[in-house]
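Below is one structure, written out as structure tokens, with a few remarks after it.
The values are calculated or read from the model by the stated rules, or taken from the named source; none is laboratory data. Quantities reported herein were computed from a predicted structural model and do not represent experimental measurements. Virtual Cβ from ideal backbone geometry, glycine too; neighbours counted across all protein chains shown. Note: areas computed on protein heavy atoms with side chains; ligands, DNA, RNA excluded. Shrake-Rupley method; radii C 1.70, N 1.55, O 1.52, S 1.80 Å.
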Amino acid sequence: MLKYLRVLYVQVLIAIMIGILLGHFYPQMAVKMQPLGKMFINLIKMIIAPLIFSTVVTGIAGMNDIKAVGKTGGLAIVYFTGITLLALVIGLVVVNLVQPGAGMNVDVSTFDAADKSIAAQYAGKAKDNNLINFLMNIIPHTFVSAFTSGEILQVLLVAIIFAFALNFSGAKGQLCFDLIKSLSEVLFKVINIIMRVAPIGAFGAMAFTIGKEGIGSVLALGELILCFYATSIMFVILVLGVVGLFSGFSIFKFVRYIKEELFIVLGTSSSESVLPNMLRKMEKVGCNKSVVDLVIPAGYSFNLDGTAIYLTMAAVFLAQATNTPMTIGEELVLLGILLISSKGAAAVTGGGFIVLAGTLSSVGKIPPESIAVIFGIDRFMSEARALTNLVGNGVATIFISKMTGNLDSEKLRRELNGHTLEVEVDDDVAETEMAASKADV
């Protein structure tokens with residue numbers, strides 16, 4: 001029993017359960033746990049920029065065929081666009097069939113000042129969340145600001161340019177390459193240290209969420225939450241499952257392979273918290289380092305499957321709740337807007353909600369004030385968004401690796417089939433046990 005308690009994802013799961021209980025029975029105390037979750041996320045964000053830079057640079061600069069980078073990037077963009085469109089369509093179809101908002105009869109004219117201020121706040125932020133500003137925001141003001149702004153795409157752009165320059169430098173750039181490669185290895189050691197406090201971060205984040213929003217908010221809009229979770233699960237099993245079969249693996253085995261990362265995301269509601277782990281695990285499963293280092297960071301902004309499902313379902317749900325009729329043509333226009341605007345959802349805090357507010361303002365038919373209806377439960381749906389995004393990015397990496405001839409299929413099969421419960425054991429303990437077993441022999 002004790003050996004299982006030493007496994008990270010078991011610790012995280014226990015921490016989540018304790019957080020839920022504390023939030024339900026002692027909400028005032030639970031709300032005060034918020035700093036624990038924020039501190040863990042900040043620790044991860046602290047290391048993400050230099051880690052992405054070092055891994056992308058060593059991955060691309062270490063390639064013999066530099067043209068392959070362009071091929072990989074082009075295929076990734078095509079895949080991301082296609083899978084996002086499919087996620088939007090599935091969300092649109094399900095919400096029209098189930099109609100979770102029908103019969104709510106929400107009248108926005110009766111909203112109080114607090115509800116209207118929520119809508120105004122997010123609608124104001126959404127004005128700057130357009131395609132031009134998104135593209136402009138990819139380019140950092142300075143080389144250093146790319147690492148301090150918290151924008152993954154800025155770091156990715158700087159890393160790609162630097163990697164190409166390093167590759168073209170030949171022998172002169174070897175010293176710099178070796179230095180960055182060594183830095184990357186040290187940064188992964190830092191991540192290993194930070195991940196030891198993941199249970200504390202998961203506990204703080206979950207306790208705060210339940211304590212602040214309460215179980216009652218979940219029950220009030222339970223049909224929408226259940227509908228969204230069910231759709232996300234269906235998307236993973238059917239859509240990503242088919243992509244997985246084409247790539248030579250079972251989606252269920254892959255989910256089991258990244259279960260530790262999924263539990264951490266469940267507790268923190270942030271897929272960024274496991275980005276470093278995913279970089280390492282996707283290499284371990286047989287994907288080429290250069291593909292992993294390019295696809296995973298890019299996917300965090302361009303391949304948001306869960307967010308895409310959420311956006312269509314939430315928008316149409318609000319139309320149903322406010323008795324706003326929408327024709328098929330109007331829903332297709334909504335889908336087209338979301339296909340573009342969803343790409344910027346990861347660029348800002350609360351991006352999914354901001355994109356939704358901006359979309360409602362752009363469509364001009366659904367009352368923007370209506371987003372206050374789902375404001376209280378948005379946090380509960382963010383877990384499903386983050387989990388689906390995480391699985392989607394992992395599947396995308398394997399698929400693109402296979403399509404570009406950069407996948408070790410035998411290693412993939414061996415890892416997914418033979419992946420067993422990994423127990424973290426200190427080196428001293430391991431050596432003691434080994435010595436004891438030899439003595440017994």
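Okay, here's what the table says:
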| quantity | calculated |
| --- | --- |
| Considering residues of the range 261-271 that are open to solvent by less than 40 Å² (accessible area, probe 1.4 Å) and either out of contact with any Asp or Glu (no Cβ under 7 Å at 6 or more places or on another chain) or of a type in the set (Asp, Glu) (or both) only, the residue nearest to residue 295 (Cα to Cα) | 271 |
| Which numbered condition residue 158 fails, given (1) open to solvent by less than 90 Å² (accessible area, probe 1.4 Å); (2) modelled with pLDDT under 85 | (2) |
| Some residue of the range 414-430 being modelled with pLDDT of 90 or more and touching a Phe, Trp or Tyr at 6+ places or on another chain (Cβ under 8 Å) | yes |
| Looking only at the range 162-184, and only at residues there that are without any contact (Cβ under 8 Å) to a residue 40 or more places away in the chain and either in contact with a Cys (Cβ under 7 Å, 6 or more places away or on another chain) or among the aliphatic types (A, V, I, L, M) (or both), the one that is most open to solvent (accessible area, probe 1.4 Å) | 175 |
| Candidate set: the range 22-38, residues that are surrounded by 14 or more Cβ atoms within 10 Å (Cβ to Cβ) and hydrophobic (A, V, I, L, M, F, W, C); chosen: the one farthest from residue 210 (Cα to Cα) | 36 |
| One residue from 18, 48, 83 being in a helix (DSSP H, G or I), over 30 Å from residue 316 (Cβ atoms) and open to solvent by less than 20 Å² (accessible area, probe 1.4 Å) | 48 |
| Test: residue in the range 238-245 that is open to solvent by less than 20 Å² (accessible area, probe 1.4 Å) and in contact with a strand residue (DSSP E or B) (Cβ under 9 Å, 6 or more places away or on another chain) | no |
| Test: residue in the range 185-198 that is over 22 Å from residue 33 (Cα atoms), among the charged types (D, E, K, R) and out of contact with any Leu (no Cβ under 6 Å at 6 or more places or on another chain) | yes |
| Any hit, the range 99-107, residues being among the polar types (S, T, N, Q) and assigned to a helix (DSSP H, G or I) | no |
| Residue 224 being farther than 30 Å from residue 42 by Cβ and without any contact (Cβ under 8 Å) to a residue 40 or more places away in the chain | no |
| Of the criteria (1) at pLDDT below 90; (2) within 29 Å of residue 221 (Cα to Cα); (3) buried (at least 24 other Cβ atoms within 10 Å of the Cβ), which one residue 290 fails | (2) |
| Filter result for residue 147 (modelled with pLDDT of 85 or more, in a helix (DSSP H, G or I) and among the aromatic types (Phe, Trp, Tyr)) | yes |
